[in-house]
């Protein structure tokens, strides 16, 4: 649980600090970011013209930079940021920059436990990835859709393997894109490729590919499926068997293919974002049984409840419960196991399951205030700014992090307090 068992789970509310406190005079501050354990609040500060720093719990860190952005805490609680000094960019971790510098860096990513940190990099107009400051051995003319494996040991991106001149349609149609894994491109080129994903161990990679102007399929470790489709969406690996599934369009409808063969018949107006549970016995995806009406399909059985928009399908750890967000008109709600929650909100964020799968918590916004909702019941306090809820390892408490007035507060609430 990323060390969560060592956090302070004593029920109650603590004021951590004044949200705008800083040990130095500053010209201005950006929006704050809360640490995962709720004990730290970080903010980018402008100290003077062209001088930026990081203020953590009111104390400005020693290192300063020409620019700072993209501040995030890693899952293991380290503060990360994209920083620039003397026209070169790198990643700073707890205020200390990597030794390697680049023309530009972006898209920070973390391993599941937070011990590995990746970033997309550009150097001399060539592109690739770096992990903990170590860059790919080969960079490419163009790259995108950067991804770090869950264990942090592997990286991948869509890359351009052949140079093209202006309006070089011939080279494009022959195929000049592929996927690079740890800096080494697959031997096969495609007209396009998108969204590489890793299996759980990081040993295999799958991606959407376009083999011609009209033929789409999935490639696994560079080898395309033996069947093409009118369109495809992002694939997913089965966590147990390692097989690959993806939504595919054929005959004017969408279904789900596994290793190239349809396992959900093509009967949906749309189908995307497949998500497995931990052992792969449950597969959920956003589905449109009819044009313009969306729901969640679980093992090819769509829910009865539909919305004009459905997002964030989330499968509980044991696969017994599924959550998602639905929107009708301007109102959002959460829906769990085909049962919508009673409240309506201006905005909602991704559902969070307790480790035992028995509870779901969501951060939501209504009337300019942030609220926390658990199993459809709202917590009694509201906030100007807040971050996603976090369950304790036992699943009976929720960590709430938020700003009320001038105060940044940390609340540990029992599930019965909602």
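Here are some notes:
- Scope region 270-280; condition under 21 Å from residue 335 (Cα atoms) and not in a strand (DSSP E or B); matching residues: 277, 278
- Annotation: of all residues in region 159-216 being at pLDDT below 95 and not in a loop (DSSP other than H, G, I, E, B), the one that is nearest to residue 230 (Cα to Cα) is 173.
- When the residues of region 152-180 are filtered to those that are closer than 21 Å to residue 107 by Cα and free of Cβ contacts under 8 Å to residues at least 40 places away in the same chain, the one that is surrounded by the fewest Cβ atoms within 10 Å (Cβ to Cβ) is 160.
Rundown of residues vs (1) out of contact with any helix residue (DSSP H, G or I) (no Cβ under 9 Å at 6 or more places or on another chain); (2) part of a strand (DSSP E or B); (3) at pLDDT 95 or above; (4) surrounded by 17 or more Cβ atoms within 10 Å (Cβ to Cβ), yes/no style:
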{"site": "350", "(1), (2), (3), (4)": "yes, no, yes, no"}
{"site": "361", "(1), (2), (3), (4)": "no, yes, yes, yes"}
{"site": "364", "(1), (2), (3), (4)": "yes, yes, yes, yes"}
{"site": "372", "(1), (2), (3), (4)": "yes, yes, yes, yes"}
{"site": "387", "(1), (2), (3), (4)": "yes, yes, yes, yes"}
{"site": "390", "(1), (2), (3), (4)": "no, yes, yes, yes"}
{"site": "399", "(1), (2), (3), (4)": "no, yes, yes, yes"}
{"site": "402", "(1), (2), (3), (4)": "yes, yes, yes, yes"}
{"site": "408", "(1), (2), (3), (4)": "yes, yes, yes, yes"}
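- You will find that of 317, 313, the residue that is surrounded by 22 or more Cβ atoms within 10 Å (Cβ to Cβ), without any contact (Cβ under 8 Å) to a residue 60 or more places away in the chain, under 16 Å from residue 353 (Cβ atoms) and under 23 Å from the mean Cα position of the chain (by Cα) is 313 and no other.
- Residues (exposed (fewer than 14 other Cβ atoms within 10 Å of the Cβ) and part of a strand (DSSP E or B)) located in region 19-36: 28
- Residues in region 196-223 that are within 24 Å of residue 122 (Cα to Cα) and either surrounded by fewer than 18 Cβ atoms within 10 Å (Cβ to Cβ) or without any contact (Cβ under 8 Å) to a residue 12 or more places away in the chain (or both): 0 in all.
- Scan region 140-158 for residues that are in a strand (DSSP E or B) and within 21 Å of the chain's Cα centre (by Cα) and the total you get is 10.
- Of the residues making up region 333-348, those that are part of a loop (DSSP other than H, G, I, E, B) and surrounded by fewer than 20 Cβ atoms within 10 Å (Cβ to Cβ) are 337, 338, 342, 343, 344, 346.
- Annotation note: of 77, 58, 103, 50, the sole residue that is surrounded by fewer than 21 Cβ atoms within 10 Å (Cβ to Cβ) and at pLDDT below 95 is 50.
- Residue 349 being over 19 Å from residue 277 (Cα atoms) and within 18 Å of the chain's Cα centre (by Cα): yes
- Residue satisfying condition, being touching a strand residue (DSSP E or B) at 6+ places or on another chain (Cβ under 8 Å) and within 15 Å of residue 208 (Cβ to Cβ), within set 144, 152, 118: 144
- Tallying residues that are closer than 21 Å to residue 198 by Cα and crowded, with 18+ Cβ neighbours inside 10 Å within region 225-252 yields 13.
- If you go through region 69-115 and keep only what is outside any loop (DSSP other than H, G, I, E, B) and out of contact with any strand residue (DSSP E or B) (no Cβ under 7 Å at 6 or more places or on another chain), you end up with just 96.
- Flag for residue 265 being outside any loop (DSSP other than H, G, I, E, B), without any contact (Cβ under 8 Å) to a residue 40 or more places away in the chain and over 23 Å from the mean Cα position of the chain (by Cα): yes
The values are calculated or read from the model by the stated rules, or taken from the named source; none is laboratory data. Quick caveat: nothing in here was measured; it's all calculated off a predicted structure. Quick reminder, even Gly has a Cβ in these numbers, built from the backbone with ideal geometry, and neighbours come from all protein chains shown.
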